[in-house]
Amino acid sequence: MQQSNYAVTRYEALWQHDTAYINRVARQHDGKRDSGARGYPNVLTDSRTDHVVTYEPAASGRYHVRRSVGQGISVGRTLGGASFHRQSSCEEYFTALPAGTPPVFSKAEMTLGEVQAASAKLPPPEYHPAFWQTYQRPSALVETVSPAAKP
């Protein structure tokens, strides 16, 4: 944190899943054909993610994300299946908006009237007939589960 303006310049977090809860729900729904079984197919030994974000000031004085790094690990086994060990990582870098770009306000900083007024000032979207000539509307959802397989 910067002492002069109390700006947060670095954020660190460790997110850990509640493996006891996840494992209890997974075991309760094991073998059933419901949303609980689909949402919790695994029992976990460990599942956590750490995330670090650094911020820097732009020319406007507002802060923006400079770098975001996350790493995750998940260890466990699929109910009735094999064990697994997954690792993931993500690293992203950002640049400040060019000088002269109007400030971007969060919804918390604007009233509904201000949001509507700002939206009214935007130019209307450009119409592209070539896009609409080739656009295929989605067909009705096709049932992927056979009627016999439904509970």
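Scanning segment 115-130 for residues that are of a type outside the set (Gly, Ala, Ser), loosely packed, with under 10 Cβ neighbours inside 10 Å and either in contact with a His (Cβ under 8 Å, 6 or more places away or on another chain) or under 19 Å from PRO102 (Cβ atoms) (or both) returns LYS121, LEU122, PRO123, PRO124, PRO125.
Only residues that are surrounded by 15 or more Cβ atoms within 10 Å (Cβ to Cβ), under 20 Å from the mean Cα position of the chain (by Cα) and closer than 30 Å to ARG67 by Cβ were counted across segment 18-47, and they come to 1.
Mind checking which residues of segment 31-47 are out of contact with any His (no Cβ under 7 Å at 6 or more places or on another chain) and at pLDDT 90 or above? Hits for segment 31-47 are PRO41, ASN42, VAL43, THR45, ASP46. Can you find even one residue in segment 63-79 that is touching an Asp or Glu at 6+ places or on another chain (Cβ under 8 Å) and not in a strand (DSSP E or B)? Scanning segment 63-79 turns up at least one residue that is touching an Asp or Glu at 6+ places or on another chain (Cβ under 8 Å) and not in a strand (DSSP E or B). When ARG33 is tested against (1) in a strand (DSSP E or B); (2) touching a residue at least 40 places away in the same chain (Cβ under 8 Å), only condition (1) is not met. When ARG77 is tested against (1) surrounded by fewer than 11 Cβ atoms within 10 Å (Cβ to Cβ); (2) in contact (Cβ under 8 Å) with a residue 24 or more places away in the chain; (3) among the basic types (Lys, Arg), just one condition goes unmet, and that condition is (1). Considering (1) out of contact with any strand residue (DSSP E or B) (no Cβ under 6 Å at 6 or more places or on another chain); (2) surrounded by fewer than 14 Cβ atoms within 10 Å (Cβ to Cβ); (3) not polar (S, T, N, Q), the lone condition that CYS90 does not fulfil carries the number (1). Kindly list the number of the only condition in (1) within 21 Å of TYR93 (Cβ to Cβ); (2) without any contact (Cβ under 8 Å) to a residue 24 or more places away in the chain that fails for TYR63. All conditions are met except number (2).
The values are calculated or read from the model by the stated rules, or taken from the named source; none is laboratory data. Predicted model, so just to flag it, every value in this text is computed and none were measured. Cβ: placed from backbone, ideal geometry, glycine included. Neighbour counts: every protein chain shown.
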